1. Among TYR158, TYR185, which is the only one that is in a helix (DSSP H, G or I), of a type in the set (Phe, Trp, Tyr) and open to solvent by 50 Å² or more (accessible area, probe 1.4 Å)?
2. Which residue pairs have Cβ atoms under 6 Å apart, sit 6 or more places apart or on different chains, and have a first residue in region 143-168 that is under 18 Å from ALA118 (Cα atoms) and a second that is surrounded by 12 or more Cβ atoms within 10 Å (Cβ to Cβ) and of a type in the set (A, V, I, L, M, F, W, C)?
3. Within region 110-124, is even one residue touching a residue at least 40 places away in the same chain (Cβ under 8 Å), closer than 28 Å to HIS157 by Cα and in contact with a Gly (Cβ under 6 Å, 6 or more places away or on another chain)?
4. What single numbered condition from (1) exposed (fewer than 13 other Cβ atoms within 10 Å of the Cβ); (2) at pLDDT 95 or above fails to hold for ASP171?
5. Here are the criteria: (1) over 26 Å from PRO210 (Cβ atoms); (2) surrounded by 13 or more Cβ atoms within 10 Å (Cβ to Cβ); (3) free of Cβ contacts under 8 Å to residues at least 60 places away in the same chain. Tell me which single one ALA12 does not satisfy.
6. Tally up the residues in region 33-56 that are closer than 14 Å to ALA118 by Cβ and open to solvent by 20 Å² or more (accessible area, probe 1.4 Å), please.
7. For region 161-173, indicate whether the set of residues that are assigned to a helix (DSSP H, G or I) and within 23 Å of TYR108 (Cβ to Cβ) is non-empty.
Amino acid sequence: MTNAPTVLKNGAQKEFRILSSRDGPRDAKWWAETCFLVHALSDGDRSTVEAAIQKSKAGDEAVLMTGRGSVTNELYARLIHLGYMAADHETVPEELREMLEGHTLTGYGSEYAPDFLAAQRAQVNAAGGELGPLEAFARNFSQMDSHHRDLPVEALHYFRDFFASTGNEIDADPGSPREALLSAYERLGVLEGNGQGIWRPTREGTMNAPFLLDMLLCERGALTDPALH
């Protein structure tokens, strides 16, 4: 059964339609449409969130109030699932709560949300707004869910940071368990090997895998101050 489209407007009053529910992060369409919402931000929307990130980095709490039915409201609500935002109901005056929602940046979000926003803007722009490749990546990456859920938190943080740059590399001995794992990531498009036992993250991998792991880390209650790992 297909969901009825949700119509959202950005700060420039341009309309966008999405099909996924904001609280359905395990749906590949959810991931693709969350990335698309970054692309849908108006210049003013983008400036507002960038200013909030800078304020948060300076140690000041940044509360973002957004109207229901807006691109920003939908995006911020989804970023809760990545650990970048937290709902802030108390700041919104009671008489306005039917129209507005409040969100604050977390410490983790002030560190990693800029990377997420930059990656998704570039990725969706490069794809001309086509979401099929993002859905496919998320669907493929979900094949590793059981493996990721069995990993210690420290290992998840390691992979999250390793996947974040095409300049990172890792090696493995032929026939080793590590080689089997890296080969699995290669089949999913996260890594690419050079045929000589060295693997590096793909560009597509850097734009998706770290943030998909943030979602899992958030689910496990395992996000930490980035300075601590």
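1. Exactly one residue qualifies, and that residue is TYR158.
2. Close Cβ pairs satisfying both conditions: ARG160/LEU213; PHE163/ALA209.
3. no
4. Result: ASP171 passes all but (1).
5. So ALA12 meets the others, but not (2).
6. Selection size over region 33-56: 3.
7. yes
Residues are listed down the side, and each one gets a yes or a no for (1) within 30 Å of ALA28 (Cβ to Cβ); (2) open to solvent by less than 30 Å² (accessible area, probe 1.4 Å):
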residue	(1), (2)
VAL63	no, no
VAL71	yes, yes
ALA77	yes, yes
LEU96	no, no
MET99	no, no
TYR112	yes, yes
ASN125	yes, no
GLY129	yes, yes
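The values are calculated or read from the model by the stated rules, or taken from the named source; none is laboratory data. Computed from a predicted structure; not experimentally measured. In this analysis, Cβ positions are derived from the backbone assuming ideal geometry, glycine residues included, and neighbour counts consider all displayed protein chains. Side chains included, ligands, DNA and RNA excluded: accessible areas come from the protein's heavy atoms. Shrake-Rupley method; radii C 1.70, N 1.55, O 1.52, S 1.80 Å.
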